[in-house]
Amino acid sequence: MTGWRPLSSGPRPAAPKLARLRAAAARGFVVPPTRWARAADTPALDPPDELGPPWIVRSAAQGEDGHESTAAGRYVSLPVHKRDAFAAAVREVVDALPPDGEVFVQPLRRARRAGVAFFDGFHYEVTTAEGSNRRLTAGEERGDVRRGGLERGDRWSDWLARLGDAFLSREVRTLDVEFADDGGEPVLLQVRPAPFEVRRNPILSLANHEEILGDPPSPWIVSTLERAGRDALDFFAKVDPEVARWRERYAWVVAGRAWLNFSAFYRLMDRWGLPRTFVTEGVGGASDDPADGQVVWRRFLRSGPRLLRLQAHSLRTVAAADAGLRALDRALESARGLPALFDVGVQGLALALRTNFAINGALSGVNRVRRVLRSSARAGVVTERMMVGYEELRRLPPDERATGLEAWLARHGHRGPWESDPARPRFAELADVLAADLARGAPAPGGLAPRPAASSPAGSRHPLLFLDRRRESFRDELMRRWQTWRARLLEEARALVASGRLERVEDLFLLRGDDLGDPAGYADAAARSRAELERWRALDLPRTATLDEIRARVESAVPADRAGEGARFPGIALSTAVVEGPARKASDLVELLRSERPLDPATILVVPALEPSWSVVFPRVAGVVAEIGGELSHASILLREAGVPAIVNCRGVWPAVADGDRLRLDGEAGAVLRA
């Protein structure tokens, strides 16, 4: 009889390290066969022959692996290969322990892979090596390092998620895990708190941001959006305080772009048991795993009350949007100087994020209902009136177009290409471009003539369309304030040019929020930004990738590859229509309007990304294809309203298709085919 106690029976170990292993075994985790004893009892104990040899003798102390400190490396763990070396190894471990410590023995195993992982409930950093993790934990070997976030249906992710459910808490925010892996379920060697944050490698996407800001956007608006997004996820923390403890960013700034943090929203969907595709279907981006489209029923049912509170919070937020716009008016009126005007932009974007979170959350579900019902009702959104009005100008007699354009600009002149970026001109500033476009004459026979919004069947009252109308009317009102904001910024820029602090008026938009404290350095800051933009503009960047992948592209400075391959490009179809026609590629609306080459009503317009201003040419084409985009994109809503066949989030189509290629938009199949 040795006196070693089995882990699963007898008195509970006092040391947290052993207690957690015992709890893990009770919860169904695979742990090594373990025997333990009080340190004071070990001199009389023989080796537990049923476990070895060889063995590993480990230390466990009551003050070890607590919430504030792991004490990792303070005590001793020793491998033992021969029976006659066992007693000496135990004495060495015991001598390093306090009197109330405990010793435990496990088989010394050599797995195919072993490693150490840090995990915070979603993000992980794992380091592995062949055979064992001894050299990793001793700092003698770097190993293979991988960082990422949980994936649905992935063996490793499922195991980590179970560990998180078992051992993460308000006090323990990060786990330090040692494991061995032979291809089945990992064997848990140790689990303890880690008093630091995991280095994150989130999935990031240009979806939505490239649509509304262009590529690359101005440093000014990127900085504004990053600042506004710092506390944006507090919207969800109002109904689920756990979200605040994640400390997730809404956006990451890399290579001069503001990347949407998909991982933060995937984490939110996972917590509530909702499909991750709610995110990608709404704004675009990649989500290829079938498990991402499934409801996790256990979590969903548990989150029922929380989701009901979210709906109530969303309704209150939508109702408060007008008050937020009035507050923005007051801020604009009182702002003096660039720092104050920058803060106005932060306030406006924070309002936009809250309001869009509130509306889009409900729209994700509503869109699924509409797809099931195959609803064709039209909401009559404000941007459709802009589109219809411009098309009507083209049908006017030439001598009436100037007057008509003046009236149209009075209603819609505050809108414009990539209008969310104040660096971009509004339609009111592009009157000459629009006049020249209108002067080219009436549309060719067969062009689409959208119905006025008022003729939409029950459009103004349809319960499934209220949120579309509210979303577009809010954006329209926000862009009125953005027009004023741009005018105030240009006024400040002209004064700075006059004082010699900026070289050109447009250089103001090369500044970032952090540059504004030193007016004497504005010109130098703008010059640095201009050089960076030129370098970043030429990079070959993915539209959705992990942070590490994007940074690697930036560091390698690989130039953009404009070529592409493929004959079939799946995406998100906005209708079930099927149309064919020649491709017309365009990346800039103003250049398209200036072109002497008219759009053919049989044309399929192919663009990298869409935003609402493209609506002025929608009636002139047979269909629209966009590389990125989602069902909830502003332009997508308008395309459905206009009845224009379209497929968005069509990855790979922009570099692969050339002008004149014959394309087939198959709304039933949700794909674009190139002949």
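Tally the residues that are more than 23 Å from GLY164 (Cα to Cα) and either assigned to a strand (DSSP E or B) or of a type in the set (Asp, Glu) (or both), restricting the search to the stretch 243-261.
So the answer is 8.
Over 14 Å from PRO219 (Cβ atoms) and in contact (Cβ under 8 Å) with a residue 24 or more places away in the chain: which single residue out of ARG494, ARG488 fits that description? Even if it seems obvious, please write down each step before you answer.
Values: ARG494 fails: in contact (Cβ under 8 Å) with a residue 24 or more places away in the chain.
Matching residue, one of ARG494, ARG488: ARG488.
State whether one or more residues within the stretch 286-307 are without any contact (Cβ under 8 Å) to a residue 60 or more places away in the chain, assigned by TED's automatic domain parsing to the domain that holds PHE474 and closer than 17 Å to ASN208 by Cα.
Taking every residue of the stretch 286-307 in turn, at least one turns out to be without any contact (Cβ under 8 Å) to a residue 60 or more places away in the chain, assigned by TED's automatic domain parsing to the domain that holds PHE474 and closer than 17 Å to ASN208 by Cα.
Just to be sure I understand, how many residues within the stretch 392-439 are in contact with a Pro (Cβ under 6 Å, 6 or more places away or on another chain), touching a residue at least 60 places away in the same chain (Cβ under 8 Å) and surrounded by fewer than 21 Cβ atoms within 10 Å (Cβ to Cβ)?
Final tally of qualifying residues: 0.
Which numbered condition in (1) part of a helix (DSSP H, G or I); (2) buried (at least 20 other Cβ atoms within 10 Å of the Cβ) is the only one that ALA166 fails?
(2)
Would you point out the residue of the stretch 175-214, among those that are acidic (Asp, Glu) and within 17 Å of the chain's Cα centre (by Cα), that is surrounded by the most Cβ atoms within 10 Å (Cβ to Cβ)?
Our first condition is that a residue be acidic (Asp, Glu); within the stretch 175-214, this holds for 176, 178, 181-182, 185, 197, 210-211.
Cutting the leftovers down to within 17 Å of the chain's Cα centre (by Cα) gives us 210-211.
Numbers: GLU210: 26, GLU211: 29.
Only one residue tops the list, namely GLU211.
In the stretch 627-655, which residues are surrounded by fewer than 24 Cβ atoms within 10 Å (Cβ to Cβ) and closer than 12 Å to VAL607 by Cα?
Residues satisfying the conditions are ARG651, GLY652, TRP654, PRO655.
Taking VAL222 as the residue in question, decide whether it is at pLDDT 90 or above, among the β-branched types (Val, Ile, Thr) and more than 30 Å from ASP507 (Cβ to Cβ). Quick ask: steps written out before the conclusion?
Values: at pLDDT 90 or above: yes; among the β-branched types (Val, Ile, Thr): yes; more than 30 Å from ASP507 (Cβ to Cβ): no.
It is false that VAL222 is at pLDDT 90 or above, among the β-branched types (Val, Ile, Thr) and more than 30 Å from ASP507 (Cβ to Cβ).
Inspect the stretch 412-424 for any residue being at pLDDT 90 or above, part of a helix (DSSP H, G or I) and of a type outside the set (D, E, K, R) and give the result as yes or no. Working first, answer last.
Taking the stretch 412-424 and keeping what is at pLDDT 90 or above, we get 412-424.
With the extra rule that they be part of a helix (DSSP H, G or I), the set shrinks to 412.
Checking the rest, the ones that are also of a type outside the set (D, E, K, R) come to 412.
Yes, the stretch 412-424 contains at least one residue that is at pLDDT 90 or above, part of a helix (DSSP H, G or I) and of a type outside the set (D, E, K, R).
Check LEU610 against each of (1) part of a loop (DSSP other than H, G, I, E, B); (2) surrounded by fewer than 21 Cβ atoms within 10 Å (Cβ to Cβ) and name the one condition it does not meet.
Result: LEU610 fails condition (2) only.
Please give the number of the condition SER303 fails out of (1) farther than 20 Å from GLN347 by Cα; (2) touching a Lys or Arg at 6+ places or on another chain (Cβ under 9 Å); (3) loosely packed, with under 15 Cβ neighbours inside 10 Å.
(3)
Look at the stretch 96-140 and say how many of its residues are part of a loop (DSSP other than H, G, I, E, B) and either at pLDDT 90 or above or surrounded by 14 or more Cβ atoms within 10 Å (Cβ to Cβ) (or both).
10
When you check PRO598 against the structure, is it more than 28 Å from the chain's Cα centre (by Cα) and farther than 19 Å from LEU213 by Cα, yes or no?
Numbers: more than 28 Å from the chain's Cα centre (by Cα): yes; farther than 19 Å from LEU213 by Cα: yes.
Against the criterion (more than 28 Å from the chain's Cα centre (by Cα) and farther than 19 Å from LEU213 by Cα), PRO598 qualifies.
The values are calculated or read from the model by the stated rules, or taken from the named source; none is laboratory data. Quick caveat: nothing in here was measured; it's all calculated off a predicted structure. Here the Cβ is made from the backbone with ideal geometry for all residues, glycine too, and neighbour counts use every protein chain on show.
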